[in-house]
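The next block holds one structure in the form of structure tokens; read it before the comments.
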Amino acid sequence: MVKAGLKAVFIGIESPNEESLIESNKTQNRDRDLILSVKKIQESDLEVQEGFIVGFDNDPPIIFDKLTDFTQVSGIGKLMIGLLNASQKTKL
């Protein structure tokens with residue numbers, strides 16, 4: 001990506017809450033150190049922009065504190081937070 005001239009990448013991290021990732025079947029984001037993964041991308045001189053979703057059934061009341069902590073520790077300066085909009089007749 002860097003060789004192609006890209007300067008930034010948007011990553012749908014979805015949630016720092018493991019239970020919410022399980023609930024939404026986000027297997028690609030589970031069982032890994034998400035902050036370490038972000039740092040590795042940043043070390044390649046790519047700006048990481050992230051996307052989070054709130055409103056999962058398993059989101060704890062402190063989800064915004066978790067999002068703030070994750071963003072500060074990871075060093076990500078641009079993020080998008082969206083409200084979960086589950087389609088009818090889905091598990092969510």
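Points worth noting:
- Against the test of being in contact (Cβ under 8 Å) with a residue 40 or more places away in the chain, out of contact with any strand residue (DSSP E or B) (no Cβ under 6 Å at 6 or more places or on another chain) and not in a loop (DSSP other than H, G, I, E, B), the options F70, F56 yield a single qualifying residue, F70.
- Residues (more than 12 Å from the chain's Cα centre (by Cα) and either polar (S, T, N, Q) or surrounded by fewer than 17 Cβ atoms within 10 Å (Cβ to Cβ) (or both)) located in region 47-68: E47, G55, D57, N58, P60, P61, I62, F64, D65
- Boolean, Q88 is surrounded by fewer than 11 Cβ atoms within 10 Å (Cβ to Cβ), over 12 Å from the mean Cα position of the chain (by Cα) and not hydroxyl-bearing (S, T, Y): yes
- Residues in region 1-47 that are closer than 22 Å to T90 by Cβ, assigned to a loop (DSSP other than H, G, I, E, B) and modelled with pLDDT of 90 or more: 2 in all.
- So E14, is it touching a residue at least 12 places away in the same chain (Cβ under 8 Å), at positive phi and touching a Lys or Arg at 6+ places or on another chain (Cβ under 7 Å): yes
- The residues on offer are V73, V9, and the sole one that is touching a Leu at 6+ places or on another chain (Cβ under 6 Å), β-branched (V, I, T) and on the phi < 0 side of the Ramachandran plot is V9.
The values are calculated or read from the model by the stated rules, or taken from the named source; none is laboratory data. Predicted model, so just to flag it, every value in this text is computed and none were measured. Counting neighbours? That spans all protein chains shown, and the Cβs are built from the backbone with ideal geometry, glycine included.
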